[in-house]
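The values are calculated or read from the model by the stated rules, or taken from the named source; none is laboratory data. Values in this document were obtained by computation on a predicted structure and should not be read as measured data. Note that each Cβ is placed from the backbone with ideal geometry, even for glycine, and that neighbours are counted across all protein chains shown.
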Amino acid sequence: MIKQLSLRLARLVAAAALVVTAAGAHAQFTPGQILTASQLNSAFAAKTTNAAAAITGGTITGLSSPLPVASGGTGATTLVGLVSPSYIAAQGADTVLANATSSSASPTAFAMPSCSTSTSALQFTSGTGFTCYGNSATTVGTLAQFAATTSAQLAGVLSDETGSGAAVFGTSPTIGTPTINTPTISGGTINNATVGITTPLAGKFTTLQATAAITPTYPAGVVGNATGSAVSAGSVGEFVFSSVPTGSAVALTTGVAANVTSISLTAGDWDVWGSVGVVTGASTVVSSEQGGINTTSATLPAFPGAGGQAFLPLTLPTGQGMLMSVGQTRLLLSATTTVYLVASFSFSTSTCSAYGFIGAHRR
């Protein structure tokens, strides 16, 4: 019996030796030998480079480095599990292996930040790693509303009121519905003024516009021009005039209306007035005198001429001149208009000429 068991054991050892020898043409191992990873890799590399004896199936697991795969085998060979999870030390919950530095380094355990709320997000910073961004006051709706409205609100609040390209504020505005209460004056322009203030402010206006009536508190009113100089064209109080002296009197034909002089008035509300005088020869007899203000050339206005007309049916002493007022009229003009001072005298015997003055004042 003992002899038969020995014979069977010898046969098993011989068979195992043949299997190990077949593992590679360039490596010989003995039964019971403990193989290193390098020896295994060398043996499999030699085996898989021989297309005729390639590994033809199965799965090799638990290896510490990749193995080449033969191209001539009859079945696919899968190499998996190069590093077994059992070889990595246990780590805490929510931990990853990573290199969170700004230079090359071996991976280490890196605890992930807690970003589990709907109002937070994971943010990566180079050389630092991941951090949690957001808080309970930040929501997706809040961010969307801010993005949709901020540009329009800033465009309405941030304004260049100096013309120099810089934003000017009277007070710090509140984005959304701006709160503008404290008036300031800068460069002649009121910024963020509250209408109805009672405390006087220092400064001057360069331009003032109103879309409704400006009502002074009487007995105080709008202060007039006290500089002794003429008001600028287009302003209330503008004055326009023309004058023809006796030495430049305009020759007349008896009973025929003629222009003595004229002025050009721009659109606006004007008060216009004038006077007409006559210069005669030594033997001239003047029997009637007429004068008026009209927008039609060389034409007396129809009676009563809206106040800007005069008629004197008087016979003057021979060779005698005279001067009379033609009154005042109001003209409402929508465009630039020429206004004439017109005269017509009836005379005989010799010559007769007219001189005069016309003036206009903008309301």
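Odds and ends about this structure:
- Taking the range 309-354 as the range and being under 27 Å from residue 281 (Cβ atoms) and assigned to a loop (DSSP other than H, G, I, E, B) as the test, the residues that pass are 313, 314, 315, 316, 317, 318, 319, 320, 321, 349, 350, 351.
- Subset of the range 330-363 that is buried (at least 22 other Cβ atoms within 10 Å of the Cβ) and of a type in the set (Val, Ile, Thr) - its residue that is nearest to residue 292 (Cα to Cα): 342
- Residue 359 vs. criteria closer than 22 Å to residue 236 by Cα and part of a strand (DSSP E or B): yes
- Against the list (1) aliphatic (A, V, I, L, M); (2) in a strand (DSSP E or B); (3) surrounded by 16 or more Cβ atoms within 10 Å (Cβ to Cβ), the condition residue 306 fails is (2).
- Options 334, 346; residue that is closer than 16 Å to residue 255 by Cα and either touching a residue at least 12 places away in the same chain (Cβ under 8 Å) or touching a His at 6+ places or on another chain (Cβ under 6 Å) (or both): 346
One line per residue, one yes/no per condition, for (1) within 14 Å of residue 354 (Cα to Cα); (2) among the small types (Gly, Ala, Ser); (3) surrounded by 19 or more Cβ atoms within 10 Å (Cβ to Cβ):
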{"site": "236", "(1), (2), (3)": "no, no, no"}
{"site": "241", "(1), (2), (3)": "no, no, no"}
{"site": "244", "(1), (2), (3)": "yes, no, yes"}
{"site": "248", "(1), (2), (3)": "yes, yes, no"}
{"site": "253", "(1), (2), (3)": "yes, no, no"}
{"site": "260", "(1), (2), (3)": "yes, no, yes"}
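- Selection status of residue 332, closer than 21 Å to residue 246 by Cα and modelled with pLDDT of 95 or more: no
- Selection of the range 203-234 for residues being within 26 Å of residue 272 (Cα to Cα) and surrounded by 11 or more Cβ atoms within 10 Å (Cβ to Cβ) yields 225, 230, 231.
- Among the residues making up the range 276-294, those that are in a loop (DSSP other than H, G, I, E, B) and surrounded by fewer than 16 Cβ atoms within 10 Å (Cβ to Cβ) are 281, 282, 283.
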